[in-house]
Each structure stands twice: as structure tokens, then as C-alpha cells.
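Down below is the structure, laid out as C-alpha cells.
The values are calculated or read from the model by the stated rules, or taken from the named source; none is laboratory data. Note that the coordinates shown come from a computational prediction; the quantities given were computed from them, not determined experimentally. All Cβ positions, glycine included, derive from the backbone under ideal geometry; neighbour counts span all protein chains shown. Side chains included, ligands, DNA and RNA excluded: accessible areas come from the protein's heavy atoms. Shrake-Rupley method; radii C 1.70, N 1.55, O 1.52, S 1.80 Å.
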Amino acid sequence: QRWYRTGDWVQQRHDGELRYLGRIDHQVKLRGHRIELGEIEQCLQAMPEIADIVVDVHVPTDGGEPQLAAYAVLAQGQAAPEDAVWRAQLHSQLPAYMHPSTLTVLEAMPLTASGKIDRKALPAPQQSGLAEEVAAEGEVEEALARIWCELLGLPSVGATANFFQLGGHSLLATR
């Protein structure tokens, strides 16, 4: 027989049926795109401010859309990179569908008992470094801000906010 290495982790039951258990690597499928999380991590790890980085898919508990979220531990004595800086780093090397919508700074990565990063223990992502929120003015801007808040699951959205940087995507925009 021929076996193919797909990156899927399966278990063969006694009756011969294969039971899917997950992935061996950190490849995810998000909105029709196969994304290798390590590629995103490698791109952000190149920044001098970042000592350690993990990218994962966050699924909001309120049933919102899954989104890529980056978690960083800063290098000693470094400040968090500005939003525009880390986004430019990604933009220069990766397609837009591989850009995390958030970068959350952590004191330390959560670890399992064996010393590996515990992805399940990562906190809910936080918006970081976004431009100062400008209040919506007028009926149209206020209505649009309410719609974006509802779609994106955010408490507030400013008039100058970028829908895609907040976690929006083309499929969500059609709603």
C-alpha cells in the first residue's frame, strides 16, 4: 500500500475506519485558504522588538468569525511595535489573508507541563496599537459603526477604523 503524508493526525479503529484527530503541523484552513501559521510567526519573529511569537486561530465565544491572532513576548527593554510597523512587515512578505487581525503582547507564553506552548491557554486577543478612535458623526457613520460592531463583535468602532484590520473579510462584508 502507498501512504501519503498529509499532515493530518488520524487513528485507525479496529473496524478499519480512520478517525480524524487533528493536524500534526500548525496548518489551518481559514475562509478557504490553507495557512501555515509558522510562516506568519517567522515573518514577525524577524522584528527586533519580538522575542517570541505565536499565531493561532481565535474563535470568539460569542459565535463571531474565526480570525488569526498573534501573541508576542517582547525582547527585553523593547516596546511593543506600532500597529503600522508590524502590519507593514507582514504586508511586504505575505498575502493579506495571512495577516493576523490582532497582536497581543504577553509577559510570557503559556506552557504545558512538557514545556511546549499551550495554544489552548492563550487569552482572547486584544486590539493593539490601532489608530486613535475617532467618533462616528452623522446618521450614516453611526449606522455603519453599529453594523461593524455587530458583525465584528466589538464594543465600539471609530469612523476611521479599517474593517479588514479589525478582523473583517470579504465574506463577512456581504452580510
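Looking only at the range 36-60, filter to residues that are assigned to a strand (DSSP E or B), in contact with a Pro (Cβ under 8 Å, 6 or more places away or on another chain) and among the aliphatic types (A, V, I, L, M); which one of those is modelled with the lowest pLDDT? Give the steps one after another, and end with the answer.
Keep residues of the range 36-60 that are assigned to a strand (DSSP E or B), which gives 36, 50-58.
If we keep only those that are in contact with a Pro (Cβ under 8 Å, 6 or more places away or on another chain) too, we end up with 50, 55, 57-58.
Narrowing further to those that are among the aliphatic types (A, V, I, L, M): 50, 55, 57.
Working: I50: 95, V55: 95, V57: 90.
Looking at residues that are assigned to a strand (DSSP E or B), in contact with a Pro (Cβ under 8 Å, 6 or more places away or on another chain) and among the aliphatic types (A, V, I, L, M), I get V57.
Can you pull out the residues in the range 89-117 that are of a type in the set (A, V, I, L, M) and under 17 Å from the mean Cα position of the chain (by Cα)? Step through it out loud before you land on a result.
Let us first name the residues in the range 89-117 that are of a type in the set (A, V, I, L, M), namely 90, 94, 96, 98, 103, 105-106, 108-109, 111, 113, 117.
Matches in the range 89-117: L90, L94, A96, M98, L103, V105, L106, M109, I117.
Please work out which residue is modelled with the highest pLDDT, limiting yourself to the range 18-35 and to residues that are out of contact with any Asp or Glu (no Cβ under 8 Å at 6 or more places or on another chain) and of a type in the set (V, I, T). Only one residue fits best here, namely I35. Sub-9 Å Cβ pairs linking a first residue in the range 141-155 that is within 20 Å of P66 (Cβ to Cβ) to a second residue that is open to solvent by less than 90 Å² (accessible area, probe 1.4 Å) and part of a helix (DSSP H, G or I), at least 6 apart or interchain, are L151/L172; L151/A173; L152/L172; L154/W148; P155/C149, ordered by first then second residue. Of the helices (runs of 4 or more DSSP H) entirely within the range 61-175, none holds at least 2 residues that are touching a Lys or Arg at 6+ places or on another chain (Cβ under 8 Å), at pLDDT below 90 and open to solvent by 60 Å² or more (accessible area, probe 1.4 Å).
Among the residues making up the range 45-59, those that are within 11 Å of the chain's Cα centre (by Cα) and surrounded by 13 or more Cβ atoms within 10 Å (Cβ to Cβ) are V54, V55, D56, V57, H58. Condition check for A159 on (1) within 29 Å of E49 (Cβ to Cβ); (2) over 18 Å from the mean Cα position of the chain (by Cα): one failure, at (1).
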